[in-house]
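Step one of this worksheet: look at the structure below.
The values are calculated or read from the model by the stated rules, or taken from the named source; none is laboratory data. Fair warning: this is a prediction, and the values are worked out from it, not measured in the lab. No Cβ is skipped: glycine too gets one built from the backbone with ideal geometry, and neighbour counts run over all protein chains shown. Please note that ligands, DNA and RNA were not included when accessible areas were found on the heavy atoms of the full protein model with its side chains. Shrake-Rupley method; radii C 1.70, N 1.55, O 1.52, S 1.80 Å.
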Amino acid sequence: VHPEKDVDGLGTVNLGKIAQDDDSGFVCCTPAGIMELLARADVPLAGKHVVVLGRSLLVGKPVALLALQKHAGANATVTVCHSRTRALPTTPRQADVPVAAGGRAEFVTADMVKPGAVVIDVGINRIADPTRKTGYRLTGDVDFKGVSQVAGKITPVPGGVGPMTVAMLMRNTLKAARLAGR
Ligand code: NAP
């Protein structure tokens, strides 16, 4: 996809721009949605410890890079965890802002979260639920019931990051149309 049409922001050029603190391109939608959500909820990241659970190109790496940028709204100290991280579950507990993007249903439990933390749940997982007509329900990577007892703020699933992803895709699409002179 030509970089000027890459509204998902997942091509090499647009992902590379994030690493260069260059906001002239298209920022990939889920990470951009997380940053927008934090800004609109008045959660400044400067000097805060963001711990990202997951290192995918779709979510983990770009959100870590965005939080690390030398830009207003960013300037966080960032730790990235993945399946080979030894210091789990203690590392997320150090986070002012844990970002759960491991793709494991309700993996993040209350004991892994610092009291007052701003918890971002990126996960979308289907788990069996015989009480539903569909036979399943959607849940995040965070145990919402337990974690909401200790968190200062927390994003729900469904809701939260999912609709922000869609909004950012629309924003990028509009930007692409304007770039094309439409
Ligand atoms: P992915 O490509 O499967 O990556 C998952 C990451 O989590 C990997 O880096 C993996 O480590 C790590 N991980 C998996 N199990 C772990 C464990 N037990 N302990 C520590 N780290 C672990 O997934 P993704 O595409 O980033 O998506 C993550 C979640 O977000 C999924 O639930 C997906 O459905 C959801 N999602 C939501 C949106 C939205 O709009 N809300 C958008 C995209 C994705 P390794 O790298 O070592 O394998």
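For the reader, a short list of remarks on this structure follows.
- Test for Gly73: is it within 15 Å of the chain's Cα centre (by Cα) and either of a type in the set (Val, Ile, Thr) or away from the ligand (no atom under 16 Å from the Cβ) (or both): yes
- Flag if Val59 is at pLDDT 95 or above, on the phi < 0 side of the Ramachandran plot and crowded, with 20+ Cβ neighbours inside 10 Å: yes
- Subset of the range 2-50 that is touching a residue at least 24 places away in the same chain (Cβ under 8 Å), small (Gly, Ala, Ser) and open to solvent by less than 50 Å² (accessible area, probe 1.4 Å) - its residue that is farthest from Val97 (Cα to Cα): Gly9
- Being near the ligand (Cβ under 9 Å from one of its atoms), surrounded by 16 or more Cβ atoms within 10 Å (Cβ to Cβ), at pLDDT 95 or above and aliphatic (A, V, I, L, M) holds for only one residue in Val142, Val157, and it is Val157.
- In the range 43-57 there is no residue that is out of contact with any helix residue (DSSP H, G or I) (no Cβ under 7 Å at 6 or more places or on another chain), of a type in the set (Lys, Arg) and assigned to a helix (DSSP H, G or I).
- Residue in the range 169-179 that is touching a Lys or Arg at 6+ places or on another chain (Cβ under 9 Å), open to solvent by 40 Å² or more (accessible area, probe 1.4 Å) and either free of Cβ contacts under 8 Å to residues at least 60 places away in the same chain or farther than 20 Å from Ala67 by Cα (or both) present: yes
- If you go through the range 76-106 and keep only what is within 14 Å of the ligand (Cβ to nearest atom), closer than 16 Å to His49 by Cα and of a type in the set (Ser, Thr, Tyr), you end up with Thr79, Thr90, Thr91.
- Scan of the range 114-127 for residues that are within 15 Å of the ligand (Cβ to nearest atom) and open to solvent by less than 10 Å² (accessible area, probe 1.4 Å), ordered by number: Val119, Ile120, Asp121, Gly123
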